[in-house]
Amino acid sequence: IEEQFDAIVIGAGMSGNAAAYTMASRGLKVLQLERGEYPGSKNVQGAIMYANMMEKIIPDFRDHAPLERHLVEQRFWMMDDTSHIGMQYRSDEFNEMNPNRYTIIRAQFDKWFSRKVREVGATVLCETTVTELACDTDGRVIGVRTDRAGDVILADVVVLAEGVNGLLGTRTGLRETPKPETVALAVKEMHFLPEEVIGQRFGLRGNEGCVIEAAGTISRGMAGLAFVYTNKESISLGIGCLVSDFAATAESPYNLLESFKNHPSVKPLIAGSEIKEYAAHLIPEGGYKAIPQLFGDGWVVVGDAAQLNNAVHREGSNLAMTSGRMAGEAIFLIKSSGQRMRKENLALYKKMLDKSFVIKDLKKYKDMPALIHTNSRNFFMTYPKLMSQAAQNFMRVDSTPKIDKERATTAAFIKERSRWGLVSDALRFAFAWR
Ligand code: FAD
């Protein structure tokens, strides 16, 4: 390739596709490079996809995109080894004309999204790994080198959408390597079952879907979460914990997943299923304080590569799509006003992002990652056990007077955490949530 492009997008995940589509559909000359065999072949997600953010890119996506189920119910479980305390919300209002959240299978969804990117005129090359960012003598990014033979491919701007473990940005010194306490390692399996069996087990009709988010002793005191998501003919199920916690405890992700699958609350949901896929992937969880520099001379970074992930709400793909779209819109505006892709102009991308839910949400929870990281044993082991004992004490009917049961529960909490510890945990949690 010897042409000069308006923009090169590295990666064909959610953020890269959003950026490439936004720019190409506005007439820019875009080259997108993906190292995978096809878009989505390297990507892992639960996966819940958020329609509002997709609609802002392709308004009629529902007419063609491969969607699994639309969500009508969400359950939150706090688990100990044999039980769970649950909260659930189900509403028939989610059975709306344009549903709000869907489960998807990324390999299929990314392929579809990439087809749309090609349809609006971008050149998409798969099985092409970008090996290096090319810079001029002033350090400005002017293009990329790939593992295919050939010279530098030139572009006015390079969009780094290379995902959480993207090596290019770190190798070039545009950002730091994510720290082990700011990334989670998640493992996931797909369990296949007939559509009607899934419907019966989760109480779903037609294309209705249900998701379960779970925390507790299943992560063995490490900071982590598990999930069970219903697809049409499969159930996605997984668990992830901070890499620093895996390193400190020498626990294996695979063992955690096995325990989760064999938990009495989960086992009946997947009984008789056929496992067809196993995947592992990192998730950026450092939040607001881990966001690197987002733009510079000739480059911007989007999605997971920019650590834009809301671990509290388990949202990532929507932040990826939105940051990709905003980077694309900013680049288009700069280009169409005849300006160059200099740092001071690309600051527009950050301005747009700052005004959006992406940065506002991450800012709201800026203290949460540190709190969770430093108190994981209390939040993921001590409290789930205490709450399970309290619930059982409350529900089990024996000859113990209720007042004695209440005293025993209070005493158990104080014994484990002390009065001051309980107040301090509550205050710190409320402070981080505010
Ligand atoms: P990615 O999707 O990772 O895409 C990066 C792309 O860049 C890849 O295709 C990769 O092959 C390519 N690439 C990397 N380096 C190069 C290179 N040098 N040259 C060429 N190509 C390159 N988010 C949600 O919103 N909902 C969920 O339910 C959810 N569940 C999740 C469950 C798990 C187990 C995991 C791991 C993540 C989950 N997420 C979820 C997060 C979500 O998957 C990510 O936020 C999202 O995929 C980020 O998109 P991205 O485009 O930034 O990165």
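The values are calculated or read from the model by the stated rules, or taken from the named source; none is laboratory data. Just so it is clear, the model here is predicted, and its values are computed rather than measured. Here the Cβ positions follow ideal geometry from the backbone for every residue, glycine too, while neighbour counts run over all protein chains shown.
Among residues of the stretch 265-310 being buried (at least 20 other Cβ atoms within 10 Å of the Cβ) and charged (D, E, K, R), the one that is nearest to Cys135 (Cα to Cα) is Asp304.
Among the residues of the stretch 386-411, those identified as among the β-branched types (Val, Ile, Thr) and not in a helix (DSSP H, G or I) are Val397, Thr400.
Report yes if Ala134 is of a type in the set (Gly, Ala, Ser), part of a strand (DSSP E or B), out of contact with any Cys (no Cβ under 9 Å at 6 or more places or on another chain) and within 15 Å of the ligand (Cβ to nearest atom), otherwise no. Spelling it out, Ala134 is indeed of a type in the set (Gly, Ala, Ser), part of a strand (DSSP E or B), out of contact with any Cys (no Cβ under 9 Å at 6 or more places or on another chain) and within 15 Å of the ligand (Cβ to nearest atom).
Would you say Ala65 is over 30 Å from Lys276 (Cα atoms) and either outside any helix (DSSP H, G or I) or of a type in the set (Ser, Thr, Tyr) (or both)?
Against the criterion (over 30 Å from Lys276 (Cα atoms) and either outside any helix (DSSP H, G or I) or of a type in the set (Ser, Thr, Tyr) (or both)), Ala65 does not qualify.
Going by the structure shown, is Asp361 of a type outside the set (Val, Ile, Thr), assigned by TED's automatic domain parsing to the domain that holds Leu160 and modelled with pLDDT of 95 or more?
Values: of a type outside the set (Val, Ile, Thr): yes; assigned by TED's automatic domain parsing to the domain that holds Leu160: yes; modelled with pLDDT of 95 or more: yes.
Considered against the rule, which asks whether it is of a type outside the set (Val, Ile, Thr), assigned by TED's automatic domain parsing to the domain that holds Leu160 and modelled with pLDDT of 95 or more, Asp361 comes out as yes.
Given the residues Ile235, Ile218, which is the only one that is more than 12 Å from the ligand (Cβ to nearest atom) and either touching a residue at least 60 places away in the same chain (Cβ under 8 Å) or among the hydroxyl-bearing types (Ser, Thr, Tyr) (or both)? Result: Ile218 is the single residue among Ile235, Ile218 that is more than 12 Å from the ligand (Cβ to nearest atom) and either touching a residue at least 60 places away in the same chain (Cβ under 8 Å) or among the hydroxyl-bearing types (Ser, Thr, Tyr) (or both). Counting the residues of the stretch 330-349 that are assigned to a helix (DSSP H, G or I) and surrounded by fewer than 18 Cβ atoms within 10 Å (Cβ to Cβ) gives 5.
Looking for something among the aromatic types (Phe, Trp, Tyr), at pLDDT 95 or above and touching a helix residue (DSSP H, G or I) at 6+ places or on another chain (Cβ under 9 Å) - is there at least one such residue anywhere in the stretch 219-233?
First, the residues of the stretch 219-233 that are among the aromatic types (Phe, Trp, Tyr): 227, 229.
Narrowing the set further to residues that are at pLDDT 95 or above leaves 227, 229.
When the remaining residues are screened for being touching a helix residue (DSSP H, G or I) at 6+ places or on another chain (Cβ under 9 Å), the result is none.
There is no residue in the stretch 219-233 that is among the aromatic types (Phe, Trp, Tyr), at pLDDT 95 or above and touching a helix residue (DSSP H, G or I) at 6+ places or on another chain (Cβ under 9 Å).
The residues listed here are Ser41, Ser91; of these, the one that is within 16 Å of the ligand (Cβ to nearest atom) and of a type in the set (Gly, Ala, Ser) is Ser41.
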